[in-house]
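Here's the structure we're looking at; comments come further down.
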Amino acid sequence: DAGVTQSPTHLIKTRGQQVTLRCSPKSGHDTVSWYQQALGQGPQFIFQYYEEEERQRGNFPDRFSGHQFPNYSSELNVNALLLGDSALYLCASSLDRRIEGYTFGSGTRLTVV
Amino acid sequence: GEDVEQSLFLSVREGDSSVINCTYTDSSSTYLYWYKQEPGAGLQLLTYIFSNMDMKQDQRLTVLLNKKDKHLSLRIADTQTGDSAIYFCAERDNAGNMLTFGGGTRLMVKP
């Protein structure tokens, strides 16, 4: 049973460019959350998607947007990249609000130069 | 606002017990979690505790919760070199959608 799959694993972009990260949730999960983990810090909540809609959003600018598809997979888009956007982006899936919490993917390492 | 704090670093000898501490500020948190992160990997859920519990034990792991002081701890018995990793505590918001993580505690286990 595959867990959460994220692609690509690593990515290098230039300031001002746009990037799209992808996530396939664990089989049976319908909810996808995205977190940003800067080097040496804990993950920070970006937003959560459920039933193809953004259900909750953290303290991130509108440059960060997302989408959830009917098969529950999700994309995270970041526009006008800044150096400070360099981080590990983690996708987490769950079955709605189950208490067992989330299953995390291994992340996409984004470097902005 | 919500804030979760952890000490940065802990070093123990193999076979000893490790205790990782965490403080949180959101008294309305319903569930509190401990995650483990190894180099180059995502987060692995270790255990969680409901806010109306004081203690939860799961094999080598013991979680203690002091709700009055908003203090959470994770005790790892008989710590092994494979336990070396970064440990994050996290609180879940009332709506159940979002986790707020601490900055992580790096555990180093010496042979």
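Consider B:VAL12 carefully, then state whether it is in contact with a helix residue (DSSP H, G or I) (Cβ under 8 Å, 6 or more places away or on another chain) and of a type in the set (Val, Ile, Thr).
Values: in contact with a helix residue (DSSP H, G or I) (Cβ under 8 Å, 6 or more places away or on another chain): no; of a type in the set (Val, Ile, Thr): yes.
For B:VAL12, the condition - in contact with a helix residue (DSSP H, G or I) (Cβ under 8 Å, 6 or more places away or on another chain) and of a type in the set (Val, Ile, Thr) - is not met.
Mind listing whichever residues of region B:10-37 are at pLDDT below 95 and of a type in the set (Gly, Ala, Ser)?
Those that are at pLDDT below 95 and of a type in the set (Gly, Ala, Ser): B:SER27, B:SER28, B:SER29.
Can you tell me how many residues within region A:53-101 are within 12 Å of chain B (Cβ to nearest Cβ), of a type in the set (A, V, I, L, M) and surrounded by fewer than 13 Cβ atoms within 10 Å (Cβ to Cβ)?
Of the residues in that region, 1 qualify.
Can you pull out the residues in region B:87-111 that are surrounded by fewer than 20 Cβ atoms within 10 Å (Cβ to Cβ) and assigned to a strand (DSSP E or B)?
Residues satisfying the conditions are B:ARG106, B:MET108, B:LYS110.
Restricting to region B:40-71, name every residue that is within 14 Å of another protein chain (Cβ to nearest Cβ) and either under 15 Å from B:VAL4 (Cβ atoms) or in contact with a Leu (Cβ under 7 Å, 6 or more places away or on another chain) (or both).
Applying the first criterion (within 14 Å of another protein chain (Cβ to nearest Cβ)) to region B:40-71 yields B:40-53, B:56, B:58, B:63.
Those that are within 14 Å of another protein chain (Cβ to nearest Cβ) and either under 15 Å from B:VAL4 (Cβ atoms) or in contact with a Leu (Cβ under 7 Å, 6 or more places away or on another chain) (or both): B:GLY42, B:LEU43, B:LEU46, B:THR47, B:TYR48, B:ILE49, B:SER51, B:MET53, B:VAL63.
Scan region B:74-104 for residues that are of a type in the set (Val, Ile, Thr) and either touching a helix residue (DSSP H, G or I) at 6+ places or on another chain (Cβ under 9 Å) or within 10 Å of chain A (Cβ to nearest Cβ) (or both) and report the count.
Keep residues of region B:74-104 that are of a type in the set (Val, Ile, Thr), which gives B:76, B:79, B:81, B:86, B:100.
So of that shortlist, the ones also either touching a helix residue (DSSP H, G or I) at 6+ places or on another chain (Cβ under 9 Å) or within 10 Å of chain A (Cβ to nearest Cβ) (or both) come out as B:76, B:86, B:100.
So the answer is 3.
On the given criteria, is A:GLN36 of a type outside the set (A, V, I, L, M, F, W, C), outside any strand (DSSP E or B) and within 14 Å of another protein chain (Cβ to nearest Cβ)? Before the answer, list the steps.
Working: of a type outside the set (A, V, I, L, M, F, W, C): yes; outside any strand (DSSP E or B): no; within 14 Å of another protein chain (Cβ to nearest Cβ): yes.
It is false that A:GLN36 is of a type outside the set (A, V, I, L, M, F, W, C), outside any strand (DSSP E or B) and within 14 Å of another protein chain (Cβ to nearest Cβ).
The values are calculated or read from the model by the stated rules, or taken from the named source; none is laboratory data. Source: prediction; values computed, not measured. Please note: Cβ atoms are built from the backbone with ideal geometry, for glycine as well, and neighbour counts cover all protein chains shown.
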